[in-house]
Amino acid sequence: MTQAVLPPVSAGGALGRLRQQAAPLSPTLQRVAEHVIRHAETVVHQTITELASSAGVSEATVTRLCRKLGFAGFHAFKIALASDVASRETVPKEEGTLDPTTRLVRQTCRTLEDTAALADRATLERVAEAIARAPRVDLTGQGNSGLVAQYFAHRLMRLGITTLAYTDPHVAAVSVSTLPRGGVVIGLSSSGSTIDTVQHLKLAQAHGHLTVALTHRPSSPVTRYAGAVLLTAAQEDPLTDAVLATLSSQTLMLELLYTAILARRPEAHAMLRVTAESVVEKKY
């Protein structure tokens with residue numbers, strides 16, 4: 001197979017280290033290294049599970065390669081790889097002629113349309129039914145996903161559903177471990193690889209609760225412990241804070257879930273009125 005010729009990069013970068021240190025690696029590690037070099041633009045958006053699968057190795061092998069190259073782990077390696085990829089990328093001609101506002105709006109609209117296309121009605125209905133009768137719903141997420149978790153917790157509380165959202169992983173673990181029988185735990189992780197969120201779903205599953213993963217990656221660690229998976233279409237670049245598409249796609253999927261829950265809560269509209277009246281004195 002003819003290998004694509006790539007522009008030179010700094011030896012300190014991920015690609016530079018891969019090229020310099022590939023020769024003494026074992027055949028298995030060499031296979032992963034060659035795969036990353038050929039498909040860097042794809043790998044930078046993959047989870048460790050997806051990379052391992054596409055390279056035909058185990059996740060432990062991927063981790064071993066990253067550490068052989070001097071990185072703390074896969075995430076640190078991917079950040080360095082993203083920097084290498086970004087240094088040689090150019091903005092597509094059609095996108096480059098747009099002003100920043102128009103480009104952002106178009107990208108977000110495409111993401112919302114793609115997310116709507118991923119919505120699985122049967123899964124939404126099943127999760128909505130469980131939430132509608134759950135004694136409590138716990139939501140867990142880190143970073144930006146934690147913000148969305150707090151938003152959705154507020155939406156459910158307006159319907160009279162006991163809901164807690166946690167961004168502190170230790171408190172979340174304690175809460176999940178004491179969740180009443182029949183509870184639901186929703187883990188939000190766009191990458192699907194957030195360790196704390198994965199561990200929370202694993203703990204909830206071990207306690208017999210329905211676990212729901214909201215993620216962009218169908219093949220990722222978080223989906224292993226999810227009884228139901230809600231997919232979004234956005235992915236964040238490891239080096240940027242361009243998260244509007246990610247937040248929008250997560251919010252849209254949760255709003256679709258919210259709509260399904262409404263149909264199962266006859267008292268919903270009365271609760272919305274009561275909760276609205278509870279804060280009426282907080283506004284002029």
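The values are calculated or read from the model by the stated rules, or taken from the named source; none is laboratory data. Just so it is clear, the structure is predicted and the values come from calculations on it, not from any experiment. Cβ atoms come from the backbone with ideal geometry, glycine included; neighbour counts cover every protein chain shown.
Scan segment 245-253 and tell me whether some residue there is free of Cβ contacts under 8 Å to residues at least 40 places away in the same chain and within 24 Å of SER175 (Cα to Cα).
Looking through segment 245-253, none of the residues is free of Cβ contacts under 8 Å to residues at least 40 places away in the same chain and within 24 Å of SER175 (Cα to Cα).
Any residue in segment 70-79 that is over 19 Å from GLY13 (Cα atoms) and either at pLDDT below 85 or part of a helix (DSSP H, G or I) (or both)?
no
Could you tell me which residue of segment 90-116 is modelled with the lowest pLDDT, considering only residues that are of a type in the set (A, V, I, L, M) and over 28 Å from LYS202 (Cα atoms)?
Among them, the one singled out is VAL91.
Looking only at residues in segment 34-65 that are among the β-branched types (Val, Ile, Thr), over 18 Å from ARG19 (Cα atoms) and touching a residue at least 60 places away in the same chain (Cβ under 8 Å), which one is surrounded by the most Cβ atoms within 10 Å (Cβ to Cβ)?
Looking at residues that are among the β-branched types (Val, Ile, Thr), over 18 Å from ARG19 (Cα atoms) and touching a residue at least 60 places away in the same chain (Cβ under 8 Å), I get THR47.
Just checking, which of VAL62, VAL105 is part of a helix (DSSP H, G or I) and closer than 21 Å to ALA245 by Cβ?
When all the criteria are applied, what remains is VAL105.
For the structure I just gave you, tell me whether ALA119 is touching a strand residue (DSSP E or B) at 6+ places or on another chain (Cβ under 7 Å) and assigned by TED's automatic domain parsing to the domain that holds MET253.
It is false that ALA119 is touching a strand residue (DSSP E or B) at 6+ places or on another chain (Cβ under 7 Å) and assigned by TED's automatic domain parsing to the domain that holds MET253.
Return yes when ARG31 is in a helix (DSSP H, G or I), of a type in the set (Lys, Arg) and touching a residue at least 40 places away in the same chain (Cβ under 8 Å) and no when it is not.
no
Could you give me the residue pairs with C-beta distances under 6 Å whose first residue belongs to segment 66-77 and is without any contact (Cβ under 8 Å) to a residue 24 or more places away in the chain, whose second residue is buried (at least 16 other Cβ atoms within 10 Å of the Cβ) and of a type outside the set (Val, Ile, Thr) wherever it lies, and which are 6+ apart or on separate chains?
Here the result reads CYS66/PHE74; CYS66/PHE77; GLY73/CYS66, each pair linking segment 66-77 to a residue that is buried (at least 16 other Cβ atoms within 10 Å of the Cβ) and of a type outside the set (Val, Ile, Thr).
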